[in-house]
1. Between Ser117 and Asp217, what is the FRET efficiency for a Förster distance of 25 Å, r being their Cβ-Cβ separation, to the nearest 0.05?
2. Ordered by residue, what ³J(HN,Hα) values in Hz, to whole numbers, does the range 283-295 give under the Karplus form 6.51 cos²θ - 1.76 cosθ + 1.60, where θ = phi - 60° and Gly and Pro are x?
3. Could you point to the label whose value was computed as Rg and Dmax of the Cα atoms in Å for the structure here, given [x] 23.3, 73; [y] 30.3, 98; [z] 27.6, 79?
4. Roughly what would the spin-label model give for Asp209 and Met310, points 7 Å off Cα along C-beta, in nm?
5. Taking Cα pairs under 8 Å and at least six residues apart, what relative contact order does the chain come out at, in percent?
6. List the residues whose amide H sits under 5 Å from the amide H of Val151, counting only those 5 or more places along or on another chain, with H placed 1.01 Å from N in the peptide plane.
7. Return the FRET efficiency for the residue pair Ala180, Glu292: r is the Cβ-Cβ distance, R0 is 25 Å, and the value is rounded to the nearest 0.05.
8. Between the range 329-365 and the range 143-176, what is the C-alpha centre distance in whole Å?
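The values are calculated or read from the model by the stated rules, or taken from the named source; none is laboratory data. Just so it is clear, the model here is predicted, and its values are computed rather than measured. Counting neighbours? That spans all protein chains shown, and the Cβs are built from the backbone with ideal geometry, glycine included. Please note that ligands, DNA and RNA were not included when accessible areas were found on the heavy atoms of the full protein model with its side chains. Shrake-Rupley method; radii C 1.70, N 1.55, O 1.52, S 1.80 Å.
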Amino acid sequence: MSSIGIHFFNTQDKLQLALVSVLFLFIAIVLLMPILLNGISRLLSILFVKTPNGALKLGIKNIANNKFVSSNASMIIVVFLLLLMVGVTGAGIDQYVSKTIQQDFDVFITEPEMDFSNYEDLESIEGVAEVYRQFASGAQYDIQGEQDTFVVYGVEDVEGFDQFYAGVTFYEDAKAHLNALENGVIIDEYQAERYNLEVGDTILLDALDKENRSLHDGDLLEMEVAGTMDSVSLSSNKDIVITSFDYFQDHFVGMFNQIEVKTNDRVSADVVKNNIKHHYLDSEMTVQTFEELLDSQKASVDTLVQGILMIVLLGLVIGLLGISNNLLVSFLERKKEYAVLYAVCMSRAQLISMLFYEMIMTFIAVVIIGLVGGLTMNMVWTRFIYAVGLKIDFSFNYGLYFVLCGAVFILLALSTMSVIRKVARLDVLTELRYE
(Lines give C-alpha, C1' and ligand atoms only; values in the text may rest on other atoms or scores of the structure.)
Protein backbone atom coordinates (compact mmCIF):
# COMPACT_ATOMS: atom_id res chain seq x y z
CA MET A 1 0.00 0.00 0.00
CA SER A 2 2.86 2.39 0.79
CA SER A 3 4.37 1.79 -2.66
CA ILE A 4 1.09 2.56 -4.42
CA GLY A 5 0.46 5.55 -2.11
CA ILE A 6 3.86 7.06 -2.95
CA HIS A 7 3.21 6.38 -6.64
CA PHE A 8 -0.02 8.39 -6.70
CA PHE A 9 1.47 11.10 -4.46
CA ASN A 10 4.43 11.51 -6.83
CA THR A 11 2.47 13.36 -9.52
CA GLN A 12 5.54 15.35 -10.63
CA ASP A 13 7.67 12.25 -11.26
CA LYS A 14 10.36 13.00 -8.72
CA LEU A 15 13.21 10.51 -8.98
CA GLN A 16 13.70 9.92 -5.25
CA LEU A 17 10.02 9.18 -4.63
CA ALA A 18 9.81 6.96 -7.71
CA LEU A 19 12.82 4.95 -6.54
CA VAL A 20 11.38 4.58 -3.05
CA SER A 21 8.09 3.41 -4.55
CA VAL A 22 9.85 0.66 -6.56
CA LEU A 23 11.91 -0.45 -3.54
CA PHE A 24 8.85 -0.52 -1.29
CA LEU A 25 7.05 -2.71 -3.83
CA PHE A 26 9.73 -5.40 -3.67
CA ILE A 27 10.00 -5.11 0.11
CA ALA A 28 6.24 -5.46 0.41
CA ILE A 29 6.22 -8.55 -1.81
CA VAL A 30 8.90 -10.24 0.31
CA LEU A 31 7.29 -9.29 3.64
CA LEU A 32 3.75 -10.11 2.54
CA MET A 33 4.66 -13.34 0.80
CA PRO A 34 3.66 -15.62 3.72
CA ILE A 35 0.28 -13.87 3.94
CA LEU A 36 -0.25 -14.06 0.18
CA LEU A 37 0.72 -17.73 0.03
CA ASN A 38 -1.53 -18.47 3.00
CA GLY A 39 -4.43 -16.75 1.24
CA ILE A 40 -3.84 -18.67 -1.99
CA SER A 41 -3.52 -21.91 0.01
CA ARG A 42 -6.85 -21.25 1.74
CA LEU A 43 -8.52 -20.44 -1.56
CA LEU A 44 -7.22 -23.61 -3.19
CA SER A 45 -8.21 -25.64 -0.11
CA ILE A 46 -11.78 -24.37 -0.49
CA LEU A 47 -11.78 -25.26 -4.18
CA PHE A 48 -10.54 -28.81 -3.50
CA VAL A 49 -12.30 -29.35 -0.18
CA LYS A 50 -14.24 -32.36 -1.48
CA THR A 51 -11.32 -34.14 -3.13
CA PRO A 52 -10.33 -37.47 -1.54
CA ASN A 53 -6.73 -36.96 -2.70
CA GLY A 54 -4.72 -36.53 0.52
CA ALA A 55 -1.46 -35.82 -1.31
CA LEU A 56 -3.13 -32.91 -3.12
CA LYS A 57 -4.53 -31.46 0.11
CA LEU A 58 -1.15 -31.76 1.83
CA GLY A 59 0.62 -30.15 -1.18
CA ILE A 60 -1.81 -27.21 -1.01
CA LYS A 61 -1.24 -26.74 2.74
CA ASN A 62 2.54 -26.96 2.36
CA ILE A 63 2.84 -23.81 0.20
CA ALA A 64 1.63 -21.81 3.22
CA ASN A 65 2.87 -23.85 6.17
CA ASN A 66 6.25 -25.07 4.93
CA LYS A 67 8.98 -22.43 5.25
CA PHE A 68 11.07 -23.96 2.47
CA VAL A 69 8.22 -23.97 -0.04
CA SER A 70 7.34 -20.39 0.95
CA SER A 71 10.98 -19.34 0.59
CA ASN A 72 11.17 -20.89 -2.88
CA ALA A 73 8.02 -19.08 -3.98
CA SER A 74 9.34 -15.74 -2.66
CA MET A 75 12.65 -16.14 -4.49
CA ILE A 76 10.98 -17.14 -7.74
CA ILE A 77 8.52 -14.22 -7.69
CA VAL A 78 11.20 -11.60 -6.95
CA VAL A 79 13.34 -12.89 -9.84
CA PHE A 80 10.19 -13.13 -11.96
CA LEU A 81 9.34 -9.45 -11.38
CA LEU A 82 12.92 -8.31 -12.00
CA LEU A 83 12.99 -10.11 -15.35
CA LEU A 84 9.55 -8.75 -16.22
CA MET A 85 10.72 -5.23 -15.31
CA VAL A 86 13.77 -5.24 -17.56
CA GLY A 87 11.83 -6.95 -20.35
CA VAL A 88 9.05 -4.35 -20.30
CA THR A 89 11.64 -1.56 -20.35
CA GLY A 90 13.46 -3.04 -23.34
CA ALA A 91 10.21 -3.61 -25.23
CA GLY A 92 9.04 -0.05 -24.54
CA ILE A 93 12.28 1.49 -25.79
CA ASP A 94 12.31 -0.68 -28.89
CA GLN A 95 8.66 0.26 -29.55
CA TYR A 96 9.56 3.95 -29.31
CA VAL A 97 12.50 3.75 -31.70
CA SER A 98 10.82 1.43 -34.20
CA LYS A 99 7.26 2.79 -34.33
CA THR A 100 6.75 6.00 -32.34
CA ILE A 101 9.44 8.08 -34.04
CA GLN A 102 7.98 9.26 -37.33
CA GLN A 103 10.06 10.26 -40.33
CA ASP A 104 9.22 13.95 -40.60
CA PHE A 105 12.31 14.70 -42.69
CA ASP A 106 14.87 12.88 -44.85
CA VAL A 107 18.06 14.86 -44.29
CA PHE A 108 19.13 17.27 -41.57
CA ILE A 109 21.99 19.76 -41.35
CA THR A 110 23.76 20.96 -38.21
CA GLU A 111 26.67 23.31 -37.71
CA PRO A 112 28.54 24.51 -34.58
CA GLU A 113 27.51 28.12 -35.31
CA MET A 114 24.48 27.71 -37.53
CA ASP A 115 23.89 30.75 -39.78
CA PHE A 116 20.80 30.21 -41.91
CA SER A 117 21.86 32.97 -44.31
CA ASN A 118 24.62 30.66 -45.58
CA TYR A 119 21.99 28.22 -46.83
CA GLU A 120 19.50 30.51 -48.53
CA ASP A 121 19.88 28.63 -51.84
CA LEU A 122 19.34 25.22 -50.28
CA GLU A 123 16.00 24.78 -52.06
CA SER A 124 17.77 25.00 -55.43
CA ILE A 125 19.80 21.82 -54.84
CA GLU A 126 18.67 18.83 -56.88
CA GLY A 127 16.39 16.51 -54.95
CA VAL A 128 15.40 19.01 -52.24
CA ALA A 129 11.61 19.28 -52.06
CA GLU A 130 11.01 21.14 -48.80
CA VAL A 131 13.18 22.86 -46.19
CA TYR A 132 12.44 23.78 -42.59
CA ARG A 133 14.83 26.03 -40.65
CA GLN A 134 14.47 25.14 -37.02
CA PHE A 135 15.22 27.81 -34.41
CA ALA A 136 15.88 26.19 -31.03
CA SER A 137 17.26 27.34 -27.71
CA GLY A 138 17.39 26.25 -24.08
CA ALA A 139 15.70 27.67 -21.00
CA GLN A 140 15.55 26.86 -17.32
CA TYR A 141 11.95 26.73 -16.17
CA ASP A 142 10.41 27.39 -12.78
CA ILE A 143 6.95 25.86 -12.39
CA GLN A 144 5.42 25.67 -8.92
CA GLY A 145 8.89 25.77 -7.42
CA GLU A 146 10.16 22.88 -9.59
CA GLN A 147 13.10 23.64 -11.87
CA ASP A 148 14.39 21.86 -14.94
CA THR A 149 15.22 22.59 -18.58
CA PHE A 150 13.04 23.04 -21.67
CA VAL A 151 14.11 23.13 -25.31
CA VAL A 152 12.39 26.18 -26.82
CA TYR A 153 11.39 26.24 -30.50
CA GLY A 154 10.78 29.57 -32.20
CA VAL A 155 8.07 29.01 -34.82
CA GLU A 156 7.22 31.64 -37.43
CA ASP A 157 4.32 29.75 -39.00
CA VAL A 158 2.72 27.25 -36.62
CA GLU A 159 0.53 25.84 -39.39
CA GLY A 160 3.60 25.23 -41.54
CA PHE A 161 5.33 23.62 -38.55
CA ASP A 162 2.31 21.35 -38.03
CA GLN A 163 2.30 20.29 -41.67
CA PHE A 164 6.05 19.65 -41.79
CA TYR A 165 6.16 17.60 -38.56
CA ALA A 166 3.54 14.89 -38.91
CA GLY A 167 4.69 13.35 -35.63
CA VAL A 168 3.62 16.40 -33.60
CA THR A 169 -0.04 16.67 -32.59
CA PHE A 170 -1.56 19.93 -31.40
CA TYR A 171 -4.63 19.70 -29.17
CA GLU A 172 -7.80 21.81 -29.39
CA ASP A 173 -7.12 25.52 -30.17
CA ALA A 174 -3.44 25.56 -29.23
CA LYS A 175 -2.27 26.96 -32.57
CA ALA A 176 -4.88 29.72 -32.63
CA HIS A 177 -4.10 30.73 -29.05
CA LEU A 178 -0.37 30.83 -29.81
CA ASN A 179 -0.95 33.20 -32.73
CA ALA A 180 -3.09 35.45 -30.54
CA LEU A 181 -0.58 35.77 -27.68
CA GLU A 182 2.63 37.76 -27.67
CA ASN A 183 4.21 35.67 -24.93
CA GLY A 184 2.33 32.43 -25.58
CA VAL A 185 3.87 28.98 -25.27
CA ILE A 186 2.63 25.52 -26.22
CA ILE A 187 3.86 22.78 -23.89
CA ASP A 188 3.70 19.01 -24.07
CA GLU A 189 0.55 17.40 -22.68
CA TYR A 190 2.71 15.36 -20.30
CA GLN A 191 4.19 18.51 -18.73
CA ALA A 192 0.73 20.07 -18.43
CA GLU A 193 -0.56 17.02 -16.56
CA ARG A 194 2.61 16.76 -14.51
CA TYR A 195 2.27 20.31 -13.15
CA ASN A 196 -1.52 20.57 -13.43
CA LEU A 197 -1.31 23.43 -15.92
CA GLU A 198 -4.22 24.75 -17.95
CA VAL A 199 -4.57 27.19 -20.82
CA GLY A 200 -4.05 30.70 -19.45
CA ASP A 201 -1.67 29.69 -16.66
CA THR A 202 1.78 31.25 -16.61
CA ILE A 203 5.22 29.66 -16.34
CA LEU A 204 8.61 31.28 -15.74
CA LEU A 205 11.54 30.67 -18.08
CA ASP A 206 15.15 31.76 -17.69
CA ALA A 207 16.61 31.91 -21.22
CA LEU A 208 20.12 30.41 -21.48
CA ASP A 209 23.05 31.43 -23.63
CA LYS A 210 25.39 29.07 -25.49
CA GLU A 211 27.40 28.51 -22.30
CA ASN A 212 24.20 27.55 -20.43
CA ARG A 213 24.27 30.74 -18.40
CA SER A 214 21.35 33.07 -17.84
CA LEU A 215 20.92 35.21 -20.94
CA HIS A 216 19.11 38.01 -19.08
CA ASP A 217 21.12 37.98 -15.83
CA GLY A 218 18.50 35.99 -13.96
CA ASP A 219 15.47 37.97 -15.12
CA LEU A 220 12.69 35.45 -15.73
CA LEU A 221 10.34 35.51 -18.70
CA GLU A 222 6.68 35.15 -17.81
CA MET A 223 4.97 33.11 -20.52
CA GLU A 224 1.31 32.16 -20.86
CA VAL A 225 0.27 28.59 -21.67
CA ALA A 226 -1.49 28.73 -25.06
CA GLY A 227 -2.23 25.01 -25.32
CA THR A 228 -0.76 21.53 -25.35
CA MET A 229 0.73 19.10 -27.86
CA ASP A 230 2.21 15.62 -28.12
CA SER A 231 5.89 16.05 -29.02
CA VAL A 232 7.15 12.52 -28.31
CA SER A 233 8.23 12.15 -31.95
CA LEU A 234 10.60 15.10 -31.48
CA SER A 235 11.93 14.17 -28.04
CA SER A 236 11.45 11.17 -25.76
CA ASN A 237 11.84 13.55 -22.80
CA LYS A 238 8.78 15.56 -23.91
CA ASP A 239 10.70 18.67 -22.87
CA ILE A 240 10.03 20.78 -25.99
CA VAL A 241 7.96 23.97 -25.87
CA ILE A 242 6.95 26.18 -28.79
CA THR A 243 6.69 29.96 -28.86
CA SER A 244 6.28 32.53 -31.62
CA PHE A 245 9.29 33.41 -33.76
CA ASP A 246 9.10 37.11 -32.86
CA TYR A 247 9.13 36.39 -29.13
CA PHE A 248 11.95 33.89 -29.66
CA GLN A 249 14.04 36.47 -31.53
CA ASP A 250 13.56 39.05 -28.77
CA HIS A 251 14.26 36.84 -25.76
CA PHE A 252 16.25 33.75 -26.80
CA VAL A 253 19.44 32.90 -28.66
CA GLY A 254 19.67 29.99 -31.10
CA MET A 255 21.68 27.19 -29.50
CA PHE A 256 20.46 24.11 -31.35
CA ASN A 257 19.48 25.57 -34.72
CA GLN A 258 19.38 23.07 -37.56
CA ILE A 259 17.90 22.61 -41.01
CA GLU A 260 15.66 19.70 -41.90
CA VAL A 261 15.06 18.69 -45.50
CA LYS A 262 12.44 16.60 -47.25
CA THR A 263 13.44 15.08 -50.56
CA ASN A 264 11.31 14.49 -53.62
CA ASP A 265 10.24 10.98 -54.50
CA ARG A 266 12.63 10.65 -57.44
CA VAL A 267 15.87 11.14 -55.48
CA SER A 268 17.07 9.12 -52.48
CA ALA A 269 18.08 10.76 -49.21
CA ASP A 270 21.70 9.60 -49.64
CA VAL A 271 21.92 11.31 -53.04
CA VAL A 272 20.50 14.54 -51.63
CA LYS A 273 22.89 14.34 -48.71
CA ASN A 274 25.87 14.12 -51.10
CA ASN A 275 24.46 16.92 -53.27
CA ILE A 276 24.26 19.20 -50.23
CA LYS A 277 27.81 18.32 -49.18
CA HIS A 278 29.19 19.07 -52.64
CA HIS A 279 27.25 22.32 -52.86
CA TYR A 280 28.69 23.60 -49.57
CA LEU A 281 32.22 22.22 -49.73
CA ASP A 282 33.73 24.93 -47.51
CA SER A 283 31.09 24.63 -44.79
CA GLU A 284 31.65 23.10 -41.35
CA MET A 285 28.22 21.57 -41.45
CA THR A 286 27.32 17.96 -40.61
CA VAL A 287 24.79 16.28 -42.88
CA GLN A 288 22.96 13.10 -41.93
CA THR A 289 19.99 11.22 -43.25
CA PHE A 290 17.04 10.30 -41.06
CA GLU A 291 17.94 6.63 -41.50
CA GLU A 292 21.45 7.29 -40.18
CA LEU A 293 19.99 9.08 -37.18
CA LEU A 294 17.56 6.25 -36.56
CA ASP A 295 20.28 3.62 -37.00
CA SER A 296 22.43 5.36 -34.39
CA GLN A 297 19.51 5.37 -31.97
CA LYS A 298 18.72 1.75 -32.78
CA ALA A 299 22.35 0.84 -32.17
CA SER A 300 22.12 2.39 -28.71
CA VAL A 301 18.86 0.55 -28.10
CA ASP A 302 20.33 -2.73 -29.36
CA THR A 303 23.19 -2.32 -26.90
CA LEU A 304 20.70 -1.66 -24.13
CA VAL A 305 18.56 -4.64 -25.17
CA GLN A 306 21.64 -6.87 -25.21
CA GLY A 307 22.51 -5.63 -21.74
CA ILE A 308 18.96 -6.37 -20.62
CA LEU A 309 19.22 -9.84 -22.16
CA MET A 310 22.40 -10.49 -20.20
CA ILE A 311 20.62 -9.38 -17.02
CA VAL A 312 17.73 -11.70 -17.86
CA LEU A 313 20.08 -14.65 -18.41
CA LEU A 314 22.02 -13.82 -15.26
CA GLY A 315 18.75 -13.60 -13.35
CA LEU A 316 17.69 -16.99 -14.64
CA VAL A 317 21.02 -18.55 -13.66
CA ILE A 318 20.91 -16.97 -10.20
CA GLY A 319 17.29 -18.01 -9.80
CA LEU A 320 18.07 -21.57 -10.87
CA LEU A 321 21.05 -21.87 -8.54
CA GLY A 322 19.20 -20.27 -5.64
CA ILE A 323 16.10 -22.40 -6.04
CA SER A 324 18.12 -25.60 -6.59
CA ASN A 325 20.17 -24.86 -3.49
CA ASN A 326 17.02 -24.11 -1.52
CA LEU A 327 15.44 -27.36 -2.67
CA LEU A 328 18.59 -29.27 -1.70
CA VAL A 329 18.57 -27.75 1.78
CA SER A 330 14.82 -28.32 1.91
CA PHE A 331 15.30 -32.00 1.12
CA LEU A 332 17.99 -32.41 3.78
CA GLU A 333 15.78 -30.70 6.34
CA ARG A 334 12.63 -32.57 5.31
CA LYS A 335 14.07 -36.08 5.08
CA LYS A 336 12.71 -36.97 8.49
CA GLU A 337 9.33 -35.49 7.52
CA TYR A 338 9.23 -37.71 4.44
CA ALA A 339 10.27 -40.75 6.49
CA VAL A 340 7.57 -40.16 9.10
CA LEU A 341 4.89 -39.62 6.46
CA TYR A 342 6.00 -42.83 4.73
CA ALA A 343 5.96 -44.79 7.97
CA VAL A 344 2.61 -43.47 9.15
CA CYS A 345 0.27 -42.89 6.24
CA MET A 346 1.84 -42.46 2.78
CA SER A 347 3.52 -44.61 0.18
CA ARG A 348 6.50 -43.45 -1.86
CA ALA A 349 4.16 -42.82 -4.78
CA GLN A 350 2.00 -40.60 -2.57
CA LEU A 351 5.08 -38.73 -1.31
CA ILE A 352 6.13 -38.11 -4.89
CA SER A 353 2.56 -37.00 -5.70
CA MET A 354 2.70 -34.57 -2.76
CA LEU A 355 5.93 -33.04 -4.10
CA PHE A 356 4.39 -32.79 -7.55
CA TYR A 357 1.32 -31.01 -6.15
CA GLU A 358 3.58 -28.68 -4.14
CA MET A 359 5.29 -27.78 -7.40
CA ILE A 360 1.95 -27.17 -9.15
CA MET A 361 0.63 -25.07 -6.25
CA THR A 362 3.86 -23.05 -6.15
CA PHE A 363 3.51 -22.44 -9.88
CA ILE A 364 -0.11 -21.29 -9.46
CA ALA A 365 0.97 -18.94 -6.66
CA VAL A 366 3.74 -17.51 -8.88
CA VAL A 367 1.28 -16.99 -11.75
CA ILE A 368 -1.26 -15.18 -9.53
CA ILE A 369 1.16 -13.09 -7.48
CA GLY A 370 3.33 -12.49 -10.56
CA LEU A 371 0.38 -11.07 -12.49
CA VAL A 372 -0.80 -8.78 -9.68
CA GLY A 373 2.76 -7.80 -8.77
CA GLY A 374 3.68 -7.37 -12.44
CA LEU A 375 0.78 -5.02 -13.14
CA THR A 376 1.65 -3.01 -10.01
CA MET A 377 5.33 -3.04 -10.93
CA ASN A 378 4.54 -1.81 -14.43
CA MET A 379 2.71 1.15 -12.90
CA VAL A 380 5.40 2.22 -10.41
CA TRP A 381 8.30 1.35 -12.75
CA THR A 382 6.84 3.56 -15.49
CA ARG A 383 6.89 6.46 -13.03
CA PHE A 384 10.55 5.72 -12.30
CA ILE A 385 11.43 5.61 -16.02
CA TYR A 386 9.63 8.93 -16.48
CA ALA A 387 11.61 10.37 -13.58
CA VAL A 388 14.96 9.48 -15.18
CA GLY A 389 13.91 11.32 -18.34
CA LEU A 390 12.45 8.69 -20.66
CA LYS A 391 8.84 9.75 -21.23
CA ILE A 392 7.66 6.96 -23.47
CA ASP A 393 4.72 4.60 -23.12
CA PHE A 394 5.28 1.32 -21.31
CA SER A 395 2.56 -1.30 -21.39
CA PHE A 396 2.37 -4.59 -19.54
CA ASN A 397 3.88 -7.22 -21.81
CA TYR A 398 1.56 -10.21 -21.55
CA GLY A 399 3.63 -12.13 -24.09
CA LEU A 400 6.73 -11.81 -21.91
CA TYR A 401 4.64 -12.64 -18.84
CA PHE A 402 3.49 -15.96 -20.32
CA VAL A 403 7.03 -16.77 -21.52
CA LEU A 404 8.34 -16.21 -17.99
CA CYS A 405 5.50 -18.34 -16.59
CA GLY A 406 6.60 -21.13 -18.92
CA ALA A 407 10.22 -20.67 -17.82
CA VAL A 408 9.18 -20.83 -14.16
CA PHE A 409 7.23 -24.03 -14.79
CA ILE A 410 10.22 -25.68 -16.46
CA LEU A 411 12.50 -24.46 -13.66
CA LEU A 412 10.20 -25.84 -10.98
CA ALA A 413 9.71 -29.12 -12.84
CA LEU A 414 13.45 -29.72 -13.25
CA SER A 415 14.18 -28.80 -9.64
CA THR A 416 11.34 -30.99 -8.36
CA MET A 417 12.51 -33.96 -10.43
CA SER A 418 15.82 -33.84 -8.60
CA VAL A 419 14.07 -33.97 -5.22
CA ILE A 420 11.73 -36.74 -6.41
CA ARG A 421 14.72 -38.92 -7.36
CA LYS A 422 16.15 -38.43 -3.88
CA VAL A 423 12.83 -39.29 -2.24
CA ALA A 424 12.55 -42.43 -4.36
CA ARG A 425 15.97 -43.55 -3.05
CA LEU A 426 15.40 -42.37 0.53
CA ASP A 427 16.46 -44.89 3.20
CA VAL A 428 13.45 -44.58 5.48
CA LEU A 429 14.80 -46.86 8.24
CA THR A 430 18.00 -44.82 8.54
CA GLU A 431 16.07 -41.59 8.91
CA LEU A 432 13.62 -43.08 11.43
CA ARG A 433 16.49 -44.51 13.46
CA TYR A 434 17.41 -41.00 14.56
CA GLU A 435 13.85 -39.81 14.99
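1. Efficiency at R0 = 25 Å is approximately 0.30.
2. 7, 8, 5, 10, 10, 9, 8, 4, 4, 5, 4, 5, 4
3. [y]
4. Using points 7 Å along Cα→Cβ, the separation is 4.3 nm.
5. 26
6. For Val151, whose amide H was placed from the backbone, the distant partners under 5 Å are Ile240, Val241.
7. Details: r = 40 Å, r/R0 = 1.58.
Between Ala180 and Glu292 the formula returns 0.05.
8. 65
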